[in-house]
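The values are calculated or read from the model by the stated rules, or taken from the named source; none is laboratory data. Bear in mind the structure is a predicted one, so any value in this text is a computation, not a measurement. Neighbour counts are summed over all protein chains in view; Cβ atoms, including those assigned to glycine, are modelled from backbone coordinates with ideal geometry.
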Amino acid sequence: MHRLRTCAARLRPITASQTAKNASQQRPAATLRTFQPIRRYTAPVAAEPFLNGTSSNYVEEMYYAWLENPKSVHKSWDIFFRNANAGAPPGTAYQSPPPLGVSLAELTQAQSLVGAQPNVEKLVEDHLAVQSLIRAYQIRGHHVAQLDPLGIMDADLDSSVPTDIITSSDKLGFYGLDESDLDKVFRLPTTTFIGGTESALPLREIIRRLEMAYCQHIGVEFMFINDLEQCQWIRQKFETPGVMQFSLEEKRTLLARMVRSTRFEEFLQRKWSSEKRFGLEGCESLIPALKTIIDKSSANGVDTVIMGMPHRGRLNVLANVIRKELEQIFCQFDSKLEAADEGSGDVKYHLGMYHRRINRVTDRNITLSLVANPSHLEAVNPVVQGKTKAEQFYCGDTDGNRVMSILLHGDAAFAGQGIVYETFHLSDLPSYTTHGTVHVVVNNQIGFTTDPRMARSSPYPTDVARVVNAPIFHVNADDPEAVMYVCNVAAEWRATFHKDVVVDLVIYLLVCYRRNGHNEMDEPMFTQPLMYKQIKKQKAVLQKYAEKLIAEGVVTRQEYEEEIAKYDKICEEAHGRSKDEKILHIKHWLDSPWPGFFTLDGQPKSMSCPSTGLSEEELNHIGQVASSVPVEDFTIHGGLSRILKGRAEMIRNRTVDWALGEYMAFGSLLKEGIHVRLSGQDVERGTFSHRHHVLHDQNVDKRTCIPMNHVAPNQAPYTVCNSSLSEYGVLGFELGFAMASPNSLVLWEAQFGDFHNTAQCIIDQFICPGQAKWVRQNGIVLLLPHGMEGMGPEHSSARPERFLQMCNDDPDVFPLIIFTPKSLLRHPEAKSNFDLMLPGTHFQRVILEEGPATQNPAEVKRLIFCTGKVFYELTRERKARHMENAVAIARIEQLSPFPFDLVKAETEKYHNADLVWCQEEHKNQGYYDYVKPRMRTTIDRAKPVWYAGREPAAAPATGSKNSHLLELKRFLDTAFNLDAFKDHI
């Protein structure tokens, strides 16, 4: 309990719809029987000519719609189904639709069932063909869109054209049409907006408008979305004639943003041509793209945007989107300058930034945060999502209307890294959703030097997004206006449908190219000669767009050149200021500042831990909550009733086990107003069925109760949430959540301690070095169940040696890793008395010997130091050997920072004793290599520190129970047999 409360104490100031498909949508048996009379028309050998090429499923769906509401289908289908049900023989059921102004009743009176005109069947067939043609463009038009600015590659890695896309008149035959049909007028279905205000168009015009909507510089993937409203929304945005229009002011703003984006890269190239910067050449449209998303979102009420991105283009984004001072960027290129404070431990294109400013387009305040990220390109994804979720949580933004996230990606990383998929699957989970993220993929059509045809199996790098039904907008980045339009749509989509996962995640793709290779020192011609020959011939997008606007009369050439000169002057002046040695401070590069947390009245605040004890009254109250069901008419499982009764019995006896101690720690923090969030696989119940923080009503589905949220009237909320089956993504998410505020306790628990290894990237890149690299404060706590239980190598070791290797023994470092128990959860001796938790008590860094050995310390022959559950095996063995007076055992509870003072005092107390470090882990694992030199530092170096434990091994543990017990016996023999020590130094 003290360990958990200590974590929180060190992290806070010491002083103070989507509508569900329901059964009504299922077709009743009676309806199926009703359909029998016309099944002959939907069979593969249908007698009706107009059904040729039309799937039976399509006709059947039309029939079900007609049964539900005859007015929901075209009148021609209404007549057909009426006649078929009336028994009309094959070839006679269809009748032409009534002319304008003639009612259906008048028509049915005027025409006989069998007197159909000879050409009406062809007419219906042609209309159905046109509907299929329209649908083909909606589904596959993006495959032939003009997406590659270089004109040499296919964005979908396929040069073939879908057979149902009309690229020449001879392909009309696929639909049973020919050139003579091009000028015929066809009624448009309700599932298209290409007609605008017109309900019918000539076929030639239909094809032209479909090409304009789906086959130009924008390719739209959306027809896999299973929601009609969302599909119709997208169709309207891209099919409506003339929809992509911009005002003169919007075009001038776009040009100015292109000038800044392009000239910033050119300025860096002139000043530091030999420096790596991972520039944005070839995709300068990214800057106006991001600014458009932010502008539109700001207009919709968003006041905080949290961004994550890889290194390509980061400096440009910092300069022209976040609006970081240019001198702070330029001074990072001066190798002679040294930071005036800690933290400049990473390269400039990995750093983050936090800035609050006025959005000049909307005249609204907006906070922009770009999260620092290492070279593990997509690792930042869940971190951004967690930070976004936390910001939403702390400002009460339950629907994501005020706080949103934007994630930038590279094409190769987006397709290749599994963390992208893990993060997508967090997007609509109740405790992890951020209510919509705009993803921007900067598609270089290459990964470092790897051709995309060798880097992915899917047509597009963005296909992973289809797993959550996110619409995908491909756009040619050499068309800034198309980019701007798509970004507006993306931001509107997020604002419109952000409650639904299918709606919330908007993927939008910039197809572009890299002008200078992977970095500015690279030679791309080695591996992509054709691409880079074409790039050298390519006119810059700024030049092309400026010439277009000058030709349109939007700007004059003089105005364009003045805009360039103005920004060049800004850069030059900032470059001059950047040479001042006083300006380089890491405080300018914080992405999640904790203002006032480390100081009190202007002075550094003490990081010492206060007493975390509680009054007996508080302990009893929290214990009563933990052992009860604070909701009326709530039926719990019988086995759980016994567990709660057991807790109540422990409270009466003034004792707690691990689970109840955890309850005490969390409950008391909640009473003090400290938010607690516990996340991970199966944390609600606990992997070992010990926690039970969420109770489930046995009679009412999905009815739950969280007793911890009933501790006090004005308590902070307790969030306990089972996560998806992910470690990498979820740990990154919780790390991001913990970044937002120091006044909370955020914990991630692994199912077993060794399960953290799939999240090692987050630990290696963000948790351990984050303070040194980016001065990033974080209070994340990792709970890793650890212990050798004979359960095999996959469920035994949390690999404590890895964490100890990454510690720097700074006494001010926050505790991050808690190796939690498994077998000790129910061990009869692993309990504590209330007396150890009352006011004035503290977390014990070392638990000293308290048995008979303390009576005559000079006679003690052996002092064994250990940590964790091996203590209970040592005490059991000591008792069995009747060595309580001869052997003292001390537990080191806090391994890092190492408790030198307490270890020294204990060794001096038992000054005649041999010193032993005992661990159940193998010698090359666990704590020995870390502890031994630190123990010798505290004592006379001539005195050896003996080792008792398992022999070195490659695997963490044996899978044989018998071998496990044999190994245990051997090292316990070593621990209590002095003669065996000589081989275990």
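Within the stretch 710-743, the set of residues being outside any helix (DSSP H, G or I), more than 28 Å from the chain's Cα centre (by Cα) and surrounded by fewer than 18 Cβ atoms within 10 Å (Cβ to Cβ) comprises Ala712, Pro713, Asn714.
What are the residues in the stretch 466-481 that are buried (at least 21 other Cβ atoms within 10 Å of the Cβ) and under 19 Å from Leu426 (Cα atoms), if any?
Here is the first cut: in the stretch 466-481, the residues buried (at least 21 other Cβ atoms within 10 Å of the Cβ) are 470-480.
Hits for the stretch 466-481 are Ala470, Pro471, Ile472.
The set of residues in the stretch 819-847 being closer than 18 Å to Ser615 by Cα and either among the hydrophobic types (A, V, I, L, M, F, W, C) or in a helix (DSSP H, G or I) (or both) consists of Phe834, Asp835, Leu836, Met837, Leu838, Phe843. Considering only the stretch 451-459, I want to know if a residue exists there that is modelled with pLDDT under 90, in a helix (DSSP H, G or I) and of a type in the set (A, V, I, L, M, F, W, C). Within the stretch 451-459, one or more residues are modelled with pLDDT under 90, in a helix (DSSP H, G or I) and of a type in the set (A, V, I, L, M, F, W, C).
Looking at the stretch 869-908, which of its residues are among the polar types (S, T, N, Q), touching a strand residue (DSSP E or B) at 6+ places or on another chain (Cβ under 8 Å) and surrounded by fewer than 19 Cβ atoms within 10 Å (Cβ to Cβ)?
Looking only at the stretch 869-908, we keep the residues that are among the polar types (S, T, N, Q), and these are 875, 885, 894, 896, 907.
Imposing the further condition that a residue be touching a strand residue (DSSP E or B) at 6+ places or on another chain (Cβ under 8 Å) reduces the set to 875, 894, 907.
Thr875, Gln894 - these are the residues of the stretch 869-908 that are among the polar types (S, T, N, Q), touching a strand residue (DSSP E or B) at 6+ places or on another chain (Cβ under 8 Å) and surrounded by fewer than 19 Cβ atoms within 10 Å (Cβ to Cβ).
Here Tyr927 meets each of (1) closer than 17 Å to His786 by Cα; (2) surrounded by fewer than 19 Cβ atoms within 10 Å (Cβ to Cβ) with one exception, condition (2).
Look at Lys943 and say whether it is closer than 28 Å to Ile818 by Cα and either surrounded by fewer than 20 Cβ atoms within 10 Å (Cβ to Cβ) or out of contact with any Lys or Arg (no Cβ under 9 Å at 6 or more places or on another chain) (or both). For Lys943, the condition - closer than 28 Å to Ile818 by Cα and either surrounded by fewer than 20 Cβ atoms within 10 Å (Cβ to Cβ) or out of contact with any Lys or Arg (no Cβ under 9 Å at 6 or more places or on another chain) (or both) - is not met.
The rows are residues; the columns are (1) under 29 Å from the mean Cα position of the chain (by Cα); (2) in a helix (DSSP H, G or I).
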| site | (1), (2) |
| --- | --- |
| Val629 | no, no |
| Arg642 | no, yes |
| Gly661 | no, yes |
| Thr687 | yes, no |
| Met708 | yes, yes |
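Checking each residue in the stretch 211-266 for being surrounded by fewer than 18 Cβ atoms within 10 Å (Cβ to Cβ), among the hydroxyl-bearing types (Ser, Thr, Tyr) and closer than 30 Å to Ile165 by Cα picks out only Thr240.
There is at least one residue in the stretch 390-397 that is surrounded by 23 or more Cβ atoms within 10 Å (Cβ to Cβ) and either touching a helix residue (DSSP H, G or I) at 6+ places or on another chain (Cβ under 9 Å) or not in a helix (DSSP H, G or I) (or both). Scanning the stretch 848-868 for residues that are surrounded by fewer than 22 Cβ atoms within 10 Å (Cβ to Cβ), among the charged types (D, E, K, R) and outside any loop (DSSP other than H, G, I, E, B) yields one hit, Glu859. Here the condition is being outside the structural domain of Ala379 (by TED's automatic domain parsing), over 25 Å from Asn833 (Cβ atoms) and of a type in the set (Lys, Arg); of Arg654, Arg677, it holds for Arg677 alone.
Are any residues in the stretch 744-787 part of a strand (DSSP E or B) and among the hydrophobic types (A, V, I, L, M, F, W, C), and if so, which ones?
Leu745, Val746, Leu747, Trp748, Ile780, Val781, Leu782, Leu783, Leu784 - these are the residues of the stretch 744-787 that are part of a strand (DSSP E or B) and among the hydrophobic types (A, V, I, L, M, F, W, C).
If I ask for residues that are out of contact with any Asp or Glu (no Cβ under 8 Å at 6 or more places or on another chain), within 22 Å of Pro857 (Cβ to Cβ) and either surrounded by fewer than 21 Cβ atoms within 10 Å (Cβ to Cβ) or of a type outside the set (Val, Ile, Thr) (or both), which ones from the stretch 911-924 would you list? His911, Ala913, Asp914, Leu915, Trp917, Cys918, listed by residue number. Looking only at the stretch 193-247, how many residues end up being within 20 Å of Val130 (Cα to Cα), touching a strand residue (DSSP E or B) at 6+ places or on another chain (Cβ under 7 Å) and in a loop (DSSP other than H, G, I, E, B)? Qualifying residue count, the stretch 193-247: 2.
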